Amino acid sequence: MEKTSPPPIVARSACEPHRDWIEAQIRLGRNAMAIYQELVDTRGFAHAYNSVKRFCGGLRREEPEQFDRLEFAPAEECQVDYGEGAPTRHPVTGKYRKPRLFVMTLCYSRRSFRQVVWKSSTETWRGCTSRRFDIFLAAQNTSVSTI
């Protein structure tokens, strides 16, 4: 007759009897060392700091990063920005320069248009914005007329 091994012993943390109190302390932002010291001083805890440290590590949950969802009506808002491109040969001077990338994104549809420009002056910004609105309007009229 074969011998069967006993079921595995599941190690239980020495901190388990203090779970509710430890969870409350973690919610207050206390670290494992402070929790351990108070357990020893006020609750007669006779085990090692590492058991508290491991127990706290298992309880700590990283809160997911919060993102606020922004809602916009059609044509209510757009975002405009400039970015910098990789060194590129300038069409007029022939020298390598970093172009600017004009980007306009409609907040409602997230439709985005980009244009490479060589400077980011007020006039350039106005011209790009005006051209982009013309393109947005032309695209809207085209899509409406095909329905």
Only one of these is under 37 Å from the mean Cα position of the chain (by Cα) and either at pLDDT below 90 or over 30 Å from Ser120 (Cβ atoms) (or both): Asp20, Asp41. Name it.
Asp20
Sole residue being part of a loop (DSSP other than H, G, I, E, B) and either in the same structural domain as Cys107 (by TED's automatic domain parsing) or out of contact with any Phe, Trp or Tyr (no Cβ under 7 Å at 6 or more places or on another chain) (or both), chosen from Glu71, Glu23, Glu38:
Glu71
Hits in the range 22-31 (condition: out of contact with any Leu (no Cβ under 8 Å at 6 or more places or on another chain) and hydrophobic (A, V, I, L, M, F, W, C))
Ala24, Leu28
By residue number, the members of the range 117-134 that are closer than 20 Å to Leu106 by Cβ and in contact with a helix residue (DSSP H, G or I) (Cβ under 9 Å, 6 or more places away or on another chain) are Val117
Being in a loop (DSSP other than H, G, I, E, B), modelled with pLDDT of 90 or more and not hydrophobic (A, V, I, L, M, F, W, C) is true for just one of Gly94, Gly29. Which residue is that?
Gly94
Tell me whether the range 97-120 contains one or more residues that are among the small types (Gly, Ala, Ser) and either exposed (fewer than 11 other Cβ atoms within 10 Å of the Cβ) or at pLDDT 90 or above (or both).
no
Taking Thr142 as the residue in question, decide whether it is modelled with pLDDT of 85 or more and not aliphatic (A, V, I, L, M).
no
Scanning for something loosely packed, with under 11 Cβ neighbours inside 10 Å, in a loop (DSSP other than H, G, I, E, B) and among the small types (Gly, Ala, Ser), does the range 54-66 turn up at least one residue?
no
Conditions (1) out of contact with any Gly (no Cβ under 7 Å at 6 or more places or on another chain); (2) modelled with pLDDT of 90 or more; number of the one not met by Phe72
(2)
Among the residues of the range 100-122, how many are within 22 Å of the chain's Cα centre (by Cα), part of a loop (DSSP other than H, G, I, E, B) and of a type outside the set (Gly, Ala, Ser)?
4
I need a count of the residues in the range 74-91 that are more than 14 Å from Trp118 (Cβ to Cβ) and part of a strand (DSSP E or B).
4
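The values are calculated or read from the model by the stated rules, or taken from the named source; none is laboratory data. Remember, it's a predicted structure, so these values are computed and weren't measured experimentally. We place every Cβ from the backbone using ideal geometry, glycine too, and count neighbours over all the protein chains shown.
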